[in-house]
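Peer 1: A single structure is presented below for examination.
Derivation of every value follows stated rules applied to the coordinates shown; laboratory data play no part. Note that this is a predicted model, so its numbers are computed, not measured. Cβ coordinates were reconstructed from backbone atoms using ideal geometry, including for glycine residues, and neighbour counts include every protein chain displayed.
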Amino acid sequence: MSRVLGRGARRSRVRHPAKIAWGIVGVVVALIWVFPVYWMINSSLLSNVTLQSRTPTFLPFGGSWDNFAAVFAGGTFFPALGMSVAIALIVVAFCLLFAFLGALAISRFRFRGRKGFVLAILFIQMLPAEGLFIAQYKLMASVNLLNTVLGVSILYIAAVVPFTIWMLRGFVAGIPAELEEAAMVDGLSRTQAFFRITFPLLAPGLVASGVYAFLQAWNEFTVALVVLQDNADQTLPLWLRGFIQASASRATDWGQVMAASTLVAIPVIIFFLFVQGRMTSGLVSGAVKG
Amino acid sequence: MTAETTIQGAALSIAPSGQPRRRRRSITPYLLLVPATGILVLAMGYPLVWQVITSMQQFGLAQQFGQPAPFVGFANYITLATDPYMWTVIARSIAFCFAAAGLTMLIGVLVALLMQVAPRGVRIALQISLLLAWAMPVVAAMTVWNWLFNWRSGVVNWLLTRLGLPFDGHNWLQDPLSFYAVAVIIVVWMSVPFVAFSIYAGLTQVPDEVLEAAQMDGARGAQRFWNIVVPIIRPVLAIVLLLQVIWDLRVFTQIKLLQDAGSIASETNLLGTYIYQLGTGSSNFGLASAVSIFVLILTIVISAAYVRSMLKADES
Amino acid sequence: MKRKIASVTALALAGVLALAACSSGGTPAPAGAGASTNGKGKTITLWLVGADTPDVARQYLKDEFAKETKGTLDIQQQDWGDIVTKLTTSLPDANNTPDVTEMGNTQSPTFTNVGAFLDITNMYQELGGSKLLQGFVDAGKVDGKNYTLPYYFGSRYVFYRKDVWAKAGITTPPTTLEQFNTDVAIIAAKNPAKINNFSGFYLGGQDWRDGVSWIFANGGDIAKQSGGKWVGTLEDPNSLKGLTQLQAIYKNASKAPNDAKDSNQYIYLNDDDAIPGATPDDKATPVSLSAATIMAPGWAHWSIGVKGKTDGKVTRTWDDKTFGVFPLPGVDGKAAPVFAGGSNIGISAKSKNPGLAKTLLKIIFSKGYQELLGKNGLGPANSDYTASLGNDEFASALVTSAAASKLTPAAPGWASVEAAGVLEEFFSKIKDSTDLAALAKEYDAKLTPMLNAK
């Protein structure tokens, strides 16, 4: 990573007309991509009556926090947030653990059935989820895991593990086994060697996979719809959809819907910032230089 | 920065390892696979088996409420294969998938290159805006997009009208082609961050000198890019493209939520929404399961050549 | 780690066993079990759909239920968009089924036909009998037995801009359907407010729930039952009369897009000319008013009004000088039959506490609760309590239009017809059709097999 930043820094010193042109193009692309996000936040601060006008209001002047207040007044946001955070953490933790072990197996060992396993985890991602809900419901009902964090987490981990194994296996393969062995010659135990040598090198891979698992668990909504039927056990996407639908069955209050959407996005942004902090810590930067 | 790491991860993950693997026969790899396999069997095993069995039954709402489900063999598959509508939906889905995946890859590569050549401040701004777009929940993003394209008060029409074009009150979702254009724009917008970051990571693996030589100034630069840079980042491109194809072929949420906003469903159905309509909507679970299995097979067929070459690289 | 694997394995095993148990035919509850009406220590679940049932009514149910049975009533709110999915998965599952559930009146036949609900024929008289809204009662009936009953009704009527109508020279509301058709076409042609794409009557191309009134009013229907089989009747001469009038409206009076659905029509009636554009002198699109007339469910009146400010917040207030309502007139000058909105309610056949569930139904159909619904603008299921709706213009439009309202066919496959959007598609093609009879015939051919599929 330092290498990347270094290169950027070096280049920026070169004042070149082409550079400026690319800079302008970059700004335009950035604006296009961020516009829908901006629009969501802008609208969340405006009143519904203003939003129905045919002339868009581009800046939230005269806006207020009323929409957010109305959303919080429902009292259902924080329980849903808790549920979503719990599920996301469980999914990230177990997914990384299971995927790491799996990646170790397929990148460090040759064994009968290896190719079959690789194919299976690739193909299993190709099955459309829209037809599975009855079976998933029956499964969860039969083990009494409907309306539980554990039940949803199990389904999510299974949905995310194939891709994370695929992602991690490259990282594991990229770390020479000799490194660990050399450390063991130097008197470290296998466990010590793993945690002191291999683990730091794997950190970027784990973070990347973790981000992926987190986003999947955070955004998923069809499975949650089927196995979380109790109002008291909702995840944020369900909560948001419920909010939109309840609003639509009367007259949609767009300002409140946008405020609710913003609230669902904020924890993801916080998560990104948090992960970024981890990444810049010394422990990891060493790994990336390799 | 997360972005950069994500990338490197993806890049590495594809790179053929070339590591000598331990060849001793042992039970260790199997033990290592137990947790992952266990959770997959637990969570996917029964639904998968149920789906295969149901696809060969006449299974409707009555069966869901306890009536015995008659076994009908391949009748559901035959019904589908002889239904011209099914083939229309398949053709649409494949076209949509290629358009969306192709555009996502193209724009993703361009944005990644842009990150390379843009000044540092701009690069960071670009990365932050991509991250924000990536962080936006699908349901929220779709609400905003629906609204941007709203025929009456949408910003898109307002802007085009301002530019003097006759788009006042234009309805984007009414005509299937323009419906798909809107859907492609949204899907591409959502997918580009992942692709751009992954490819940018791949690019960081390319030696500086090579990249500098291949700077995009003129035809020679473009040529060098194809001949030198692309082969180096090919593994990243391969896996990212495969994932895009898998995801875009079974795209559901975006299409469903767009259909809720407008358009005539039967003219804009893709495989995902068709399965949903058959199963959830019409309670024809037998037929819906058959379509699902069909999509699985279709995806495998489309990606077979690709997967084979990827596996070969993996084995070497 | 190890413990985790162990528990996961145990879980998997438990799953297999439980599934095996399930597949061996389920476990019928022993006769008489759960028939008790003493709810001490017990909880039953009621699913209500959407936010329509107000909080006071929910609290009333909880309180009364606790008083009558000593039990607890757990009310779960479901969404209209997902209710079919949830009923499909939960109703057959004795351990997780709601004991009592609300559902849309058009969704009722689909579930009653597969035996999802408990036979409550013996309670029918006690709960209101012939006083209950008969169309809804029929939607919950199979082979002469009652499974679900009406919960509340809503209705659709016409909202219009008195000021715009007057500017176009029409000062009295139409009294026949024909006159209505002519009036809205005149207003669209005159476009007195000089607004781009102005609709005399805004009717969305896919809005069959409002548009079907023209078919009903001319004596037509979507489908009829003959010889135990459902047959699409869009091609019948009476239906065609309605379709021809609709085509004229789509062509001459409405500027709505042909894929517009039945949602949020009220925004087209509101006036937003006070909102400034991006720049102070922006006159490009100064108003948002787009229609002189709309048809919508009664609650839309909460969202229609003149813009104002209270405590710094922008609000809308209904103004009798600007806005008015009337029930859609029929061909004969009486109210036209419109699409009946509303819900049915029933006891799950798998409920473990049918006795308590029946007690809950008694509370729902009691005078106290029915009048509570009426006071909150929901049409009470029992006609004895209709007066509780009040006597303002909205209440009278609701009652008049509801009295003439009609339900969709109570066919087993109706839910599939709605899910596949067949009528939406059909209506969207009316405007540009050159041969309505052929179009109607084509869609009858699509409807008939779907209606009869179980």
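Peer 1: Remind me, relative contact order of the range A:71-289 in percent, using alpha carbon pairs under 8 angstrom and six or more residues apart? Kindly include the intermediate steps, with their values, before the conclusion.
Peer 2: Numbers: 197 pairs, mean separation 70.6, N = 219.
Dividing the mean separation by the residue count of the range A:71-289 yields 32 percent.
Peer 1: If you don't mind, another one. Separation of the range C:59-98 and the range A:149-176 by C-alpha centroid, Å?
Peer 2: 38 Å
Peer 1: So how do C:HIS301, A:HIS16 line up by other beta-carbon neighbours within 10 Å, fewest first? Write out the running numbers ahead of the final one.
Peer 2: Numbers: C:HIS301 21, A:HIS16 11.
Least crowded to most crowded, the residues run A:HIS16, C:HIS301.
Peer 1: Just list whichever of C:LYS229/C:LYS441; C:LYS167/C:LYS241; A:LYS138/C:LYS358; B:LYS256/C:LYS229; C:LYS141/C:LYS441; C:LYS352/C:LYS406 have alpha carbons separated by over 26 Å in the model shown.
Peer 2: C:LYS167/C:LYS241; A:LYS138/C:LYS358; B:LYS256/C:LYS229; C:LYS141/C:LYS441; C:LYS352/C:LYS406
Peer 1: Now for a separate question. What 222 nm value per residue comes from the helices of chain B, counting each DSSP H run with n ≥ 4 as -39,500 (n - 2.57) and dividing by all residues, nearest 500 deg cm²/dmol? Provide the component values of the computation, followed by the final result.
Peer 2: On the way: 17 runs with 227 residues, N = 316.
Roughly -23000 deg cm²/dmol at 222 nm, from the helical runs in chain B.
Peer 1: For the range C:213-229, what does the Karplus curve 6.51 cos²θ - 1.76 cosθ + 1.60, with θ = phi - 60°, yield as ³J(HN,Hα) per residue in whole Hz, taken in order and with x for Gly and Pro?
Peer 2: My calculation for the range C:213-229 gives 4, 5, 5, 4, 4, 8, x, x, 7, 7, 7, 9, 9, 9, x, x, 10 Hz in order.
Peer 1: Want the number for A:PHE195 to A:ARG110: 0.36 nm per residue separation, take away the alpha-carbon distance, what's left?
Peer 2: Residue separation times 0.36 nm, minus the Cα-Cα distance, leaves 28.2 nm.
Peer 1: Does a label point 7 Å from the Cα of A:ILE266, set along Cα-to-beta-carbon, have any residues of the range A:40-58 with amide nitrogen under 16 Å, and which are they?
Peer 2: Hits in the range A:40-58 for A:ILE266 at 16 Å: A:40-46.
Peer 1: Checking the table C:LYS162/C:LYS224; C:LYS375/C:LYS429; C:LYS255/C:LYS321; C:LYS261/C:LYS362 against a 29 Å threshold on Cα-Cα, which pairs fail?
Peer 2: Working: C:LYS162/C:LYS224 39 Å; C:LYS375/C:LYS429 40 Å; C:LYS255/C:LYS321 25 Å; C:LYS261/C:LYS362 37 Å.
Checking Cα-Cα distances, C:LYS162/C:LYS224; C:LYS375/C:LYS429; C:LYS261/C:LYS362 exceed 29 Å.
Peer 1: Let me ask you something else. Full extension from C:ASP138 to C:ASN196: what is 0.36 nm times the residue separation minus their Cα-Cα distance, to one decimal in nm? Please report the intermediate quantities before stating the final value.
Peer 2: On the way: separation 58, 0.36 × 58 = 20.88 nm, distance 4.55 nm.
Using 0.36 nm per residue and subtracting the Cα-Cα distance, I get 16.3 nm.
Peer 1: Also, I was wondering about something else. Within 10 Å of each Cβ of A:32-44, how many other protein chain Cβ atoms are there on average?
Peer 2: Working: counts 3, 13, 8, 6, 14, 10, 3, 5, 7, 2, 0, 3, 0.
What the average comes to for A:32-44 is 6.
Peer 1: May I ask you to derive the FRET efficiency for A:ALA21 and B:ALA313 from their Cβ-Cβ distance with R0 = 51 Å, giving the value to the nearest 0.05? Write down the numbers at each step before the final one.
Peer 2: Numbers: r = 37 Å, r/R0 = 0.73.
It comes out at approximately 0.85.
Peer 1: Note down the nm distance, to one decimal, between modelled labels 7 Å out along Cα→Cβ at C:ASP392 and at A:MET184.
Peer 2: 8.1 nm
Peer 1: Could you name the lysines whose alpha carbon sits less than 28 Å from that of A:LYS19, not counting residues in the same chain fewer than 8 places away?
Peer 2: Those lysines meeting the cut-off are A:LYS289.
Peer 1: Turning to a different aspect of this structure: Would you compute, for the Cα atoms of chain C, the largest minus smallest coordinate along each principal axis and list the three values in descending order, in whole Å?
Peer 2: So the three principal-axis extents are 72, 58, 57 Å.
Peer 1: For B:ALA95 and B:TRP226, what is the calculated FRET efficiency with R₀ set at 30 Å and r taken between the beta-carbons, to the nearest 0.05?
Peer 2: Calculated value: 0.70.
Peer 1: Once label points are set 7 Å from the Cα along Cα→Cβ at both A:ALA177 and A:ALA232, what is their separation, rounded to one decimal in nm?
Peer 2: 5.2 nm
Peer 1: Another question, then. Is there a simple number for the mean count of other chain Cβ atoms within 10 Å of the Cβ of residues in B:278-289, and what is it?
Peer 2: Working: counts 5, 8, 12, 9, 11, 12, 4, 5, 0, 1, 5, 4.
That average works out to 6.
Peer 1: Provide, in order from the shortest bin, the percent of all Cα-Cα pairs of chain B in each 20 Å bin, continuing until the bin that contains the maximum pair distance.
Peer 2: Bin by bin from 0 Å, the calculated values are 25, 52, 23, 1.
Peer 1: How far is the Cα center of the range A:50-122 from the Cα center of the range B:224-302, in Å?
Peer 2: 20 Å
Peer 1: Using helices alone, what [θ] at 222 nm do you get for chain C, with -39,500 (n - 2.57) per DSSP H run of 4 or more residues, divided over all residues and rounded to the nearest 500? Walk me through the intermediate numbers first.
Peer 2: On the way: 16 runs with 163 residues, N = 454.
About -10500 deg cm²/dmol.
Peer 1: Separate question: Just report the Cα centroid separation between the range B:68-114 and the range C:385-405, whole Å.
Peer 2: The range B:68-114 and the range C:385-405 have Cα centres separated by 50 Å.
Peer 1: Could you give each residue of the range B:277-283 its phi-based ³J(HN,Hα) in whole Hz, using Karplus coefficients 6.51, -1.76, 1.60 with θ = phi - 60°, and x for Gly or Pro?
Peer 2: Working through the residues one at a time gives 5, 5, x, 4, x, 9, 6 Hz.
Peer 1: Can you give me the distance in nm between label points at C:LYS224 and B:ILE53, each placed 7 Å from the Cα along the Cα-to-Cβ direction?
Peer 2: Distance between the two pseudo-spin positions: 4.5 nm.
Peer 1: Tell me the trypsin sites (Lys or Arg not before Pro) within the range C:38-117 that lie in a loop according to DSSP and have at most 10 other beta-carbon atoms within 10 Å. Show your work: numbers first, answer last.
Peer 2: Working: sites: C:LYS40, C:LYS42, C:ARG58, C:LYS62, C:LYS67, C:LYS70, C:LYS86; in loops: C:LYS40, C:LYS42, C:LYS70.
When the trypsin sites (Lys or Arg not before Pro) of the range C:38-117 are filtered for loop state and at most 10 Cβ neighbours within 10 Å, C:LYS40 remain.
Peer 1: Trypsin sites (Lys or Arg not before Pro), restricted to the range A:97-186: which are DSSP loop and have at most 13 other Cβ atoms within 10 Å? Before the final figure, lay out the partial values.
Peer 2: Numbers: sites: A:ARG108, A:ARG110, A:ARG112, A:ARG114, A:LYS115, A:LYS138, A:ARG169; in loops: A:ARG110, A:ARG112.
Hits after loop and neighbour filter: A:ARG112.
Peer 1: Could I ask something else about it? Can you work out the FRET efficiency for the pair B:LEU31 and C:ASN376, with r the C-beta to C-beta distance and R0 = 41 Å, to the nearest 0.05?
Peer 2: Details: r = 63 Å, r/R0 = 1.53.
After rounding, the FRET efficiency stands at 0.05.
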